[in-house]
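Following: one structure in structure tokens, then a few remarks.
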Amino acid sequence: MAQKNSDVIVEDYMTSNMVTINQKQSVLDIAKLMVERRISSVALVDDKNDISGILTERDIVKVVTNALPADGVTASSLMTHPVVSISKESPIEDAARTMVQKNLRHLMVEDPSNHSIVGIITVTDLARYLRQNLAKEEIAASDAWELFF
């Protein structure tokens with residue numbers, strides 16, 4: 001059975017240079033930005049530049065499947081808010097557990113010292129963690145998920 005690596009924390013795998021955009025922007029503009037930057041989500045900010053929500057690929061699919069004009073729908077009408085976050089100091093297993101329990105693919109990362117959002121961790125980041133640990137420890141694929149649960 002695989003051993004949990006509790007020394008690995010969220011900060012080790014998070015992305016700190018996340019893309020932010022004003023929540024008043026159209027879904028079309030944000031979708032174009034996501035394609036250009038090859039990202040699956042953007043953090044949305046209000047007029048004070050505070051993070052107000054998150055918009056993901058899944059949210060954009062809702063616009064398409066409902067035949068809504070993507071240039072006429074604002075991000076704020078689709079965004080997930082309030083955002084779900086995790087401390088940058090939390091074990092990476094806690095991030096995976098939270099994602100599974102809340103059916104999320106993205107978590108904002110918070111600095112507990114000042115409660116500010118300092119990054120994002122995604123299922124892609126968790127896969128990178130698993131891949132690196134599988135290579136290092138030669139963990140069987142069937143045991144990989146036991147790292148988290």
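The values are calculated or read from the model by the stated rules, or taken from the named source; none is laboratory data. All of these numbers come straight from a predicted model, not from anything done at the bench. Every residue, glycine among them, receives a Cβ derived from its backbone with ideal geometry; neighbour counts consider all protein chains shown.
Does Thr74 qualify as being within 13 Å of the chain's Cα centre (by Cα), modelled with pLDDT of 90 or more and surrounded by 14 or more Cβ atoms within 10 Å (Cβ to Cβ)? No. Being under 26 Å from Gln132 (Cα atoms) and under 18 Å from the mean Cα position of the chain (by Cα): is that true of Thr80 here? Answer is no for this residue. Pairing residues of region 82-93 that are over 20 Å from Leu44 (Cα atoms) with residues that are polar (S, T, N, Q), at Cβ distances under 8 Å and at least 6 apart in sequence or on separate chains, gives Pro91/Ser6; Ile92/Asn5; Glu93/Ser6. In the set (1) under 18 Å from Leu126 (Cβ atoms); (2) surrounded by 14 or more Cβ atoms within 10 Å (Cβ to Cβ); (3) within 12 Å of the chain's Cα centre (by Cα), the condition left unmet by Asn103 is number (2).
Kindly indicate the residue of region 46-58 that is crowded, with 19+ Cβ neighbours inside 10 Å and not small (Gly, Ala, Ser) and also nearest to Thr124 (Cα to Cα) among those meeting that condition. Among those residues, the one meeting the criterion is Thr56.
Run down Val42, Val27 and say which single residue is without any contact (Cβ under 8 Å) to a residue 60 or more places away in the chain and either surrounded by fewer than 19 Cβ atoms within 10 Å (Cβ to Cβ) or closer than 28 Å to Pro91 by Cα (or both).
Details: Val27 fails: either surrounded by fewer than 19 Cβ atoms within 10 Å (Cβ to Cβ) or closer than 28 Å to Pro91 by Cα (or both).
Exactly one residue qualifies, and that residue is Val42.
Of Val42, Val64, Val35, all but one fail to be farther than 15 Å from Glu11 by Cα, at pLDDT 95 or above and assigned to a helix (DSSP H, G or I); the exception is Val35.
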